[in-house]
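Every read-out reported here was derived from the displayed coordinates using simple, explicitly stated rules and does not represent laboratory data. If you're wondering where the values come from, they're calculated on a predicted model, not measured in any experiment. All Cβ positions, glycine included, derive from the backbone under ideal geometry; neighbour counts span all protein chains shown.
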Amino acid sequence: MEVAVRTGKARADLVESLLLGQGALAVTLSDSGDQPLLEPGVGETPLWDDVVMIGLFNGDIDAQRVRAALSLLVDPNTVSVREVRDQAWERAWMDRFKPMRFGERLWIVPHGMDAPEPDADIVRLDPGLAFGTGTHATTRLCLEWLDAADVNGRDVLDYGCGSGVLGIAAAIVGARHVRCIDNDPQAVTATADNAERNGIADRLDVSQGQTPGEGQADIVISNILAGILQRLAPELAASVRPGGALVLAGVLDDQADSVIAAFGEHGIDLAVANSVDGWVRLEGVRA
Ligand SMILES: C[S@@+](CC[C@H](N)C(=O)[O-])C[C@H]1O[C@@H](n2cnc3c(N)ncnc32)[C@H](O)[C@@H]1O
């Protein structure tokens, strides 16, 4: 049985505890489709005010009892209960996660699935804990750039690597060496695992960090949020070798001008090169 509760973000923890207390085997939080808000003082981190908490229970629960318990916390009209078919959940994502193509030749293909074309550039990736399976518009914008660009023999920095998808793709399309950095330890582990599984670990270094650090690359690619990119503009711009390329994503249409202005002050004239679902890709060359 699935019990879904639409509630405010502030109540999410309480609802989660209550669902677990009632015997939920798992609780998931997802956005309920309202508009992201900007949290004052935390840059441009989008937060959703309304969320949906979903508790999954064994089929034999007493739904009335769970509803009654929830009514202490939330309006009973926001609670819905439905039966869900039993299935092999750990395999279920595979039905939805199909090979995806980016540009001409670059593909993301889950492990165990056949290569879509004999001469495709294939990144093998499964959904995991870190961001970056190719399904998000911002990742797509970067992967399409990597497919079209001349990456052969270049040094690449993937800043905010998540699953490592961009850095691994860069290695697969011919980068000489890739440096991946993320501030989330889970992303560092995921990137190392994914690099190993794609057979390119000898050309990719991954580390945990809050800034790009020392060193320069021919190509710097970074898919983070606009506020963070702006804040890191001096360090990110400095990490691009003169004549090298900077590619940024994670920026919404109406944020592009301020990101462009921030990097302009550090010697890189960025321009909007493409957009998908309101997200833009910014590209520029360091003078
Ligand atoms: C939107 S995800 C992008 C993941 C992947 N590169 C992609 O394109 O799908 C952004 C990543 O940046 C990381 N991140 C956010 N702020 C960061 C910072 N200040 N320094 C390093 N990494 C950061 C997050 O942990 C997350 O993994």
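Roughly how large, in nm² to one decimal, is the mean projection of the convex hull of the alpha-carbon atoms in the chain?
For the Cα atoms of the chain, the hull's average projected area reads 16.4 nm².
With a sphere of radius 11 Å drawn around the Cβ of Ala249, what net charge do the other residues whose Cβ falls strictly inside it have (Lys, Arg +1; Asp, Glu -1)?
Numbers: positive: Arg140, Arg281; negative: Glu144, Glu283.
Around Ala249, the charge tally is 0.
For region 218-287, what log10 I(q)/I(0) values come out of the Debye formula at q = 0.27 1/Å, with one point per alpha carbon and no solvent?
Results for region 218-287 at q = 0.27 Å⁻¹ read -1.26.
Hey, in the chain, which Cys have no second cysteine's beta-carbon closer than 4.7 Å?
Taking the Cβ cut-off of 4.7 Å, the unpaired cysteines of the chain are Cys142.
With springs only between Cα atoms under 10 Å apart, run a GNM on the chain and tell me which of Ala63, Ala195, Ala217 wobbles the most.
Ala63
Using the Karplus curve 6.51 cos²θ - 1.76 cosθ + 1.60 with θ = phi - 60°, work out ³J(HN,Hα) for each residue of region 97-108 in order, rounded to whole Hz, and write x for Gly and Pro.
9, 9, x, 10, 9, 10, x, 7, 10, 8, 10, 10
Antiparallel as a % of all DSSP beta bridges within region 94-285, to the nearest 5? Walk me through the numbers on the way to the answer.
Numbers: 14 of 38 bridges.
Taking every DSSP beta bridge within region 94-285, about 35 percent pair in antiparallel fashion.
Show me 179-186, 147-154 ranked by packing, highest mean number of other Cβ atoms within 10 Å first.
Numbers: 179-186: 19.6, 147-154: 15.6.
Put in order of decreasing packing, that is 179-186, 147-154.
Calculated from DSSP H runs of 4 or more alone, at -39500 (n - 2.57) each and per residue, what is the 222 nm mean residue ellipticity of the chain, nearest 500?
Taken over the chain, the calculation gives -8000 deg cm²/dmol.
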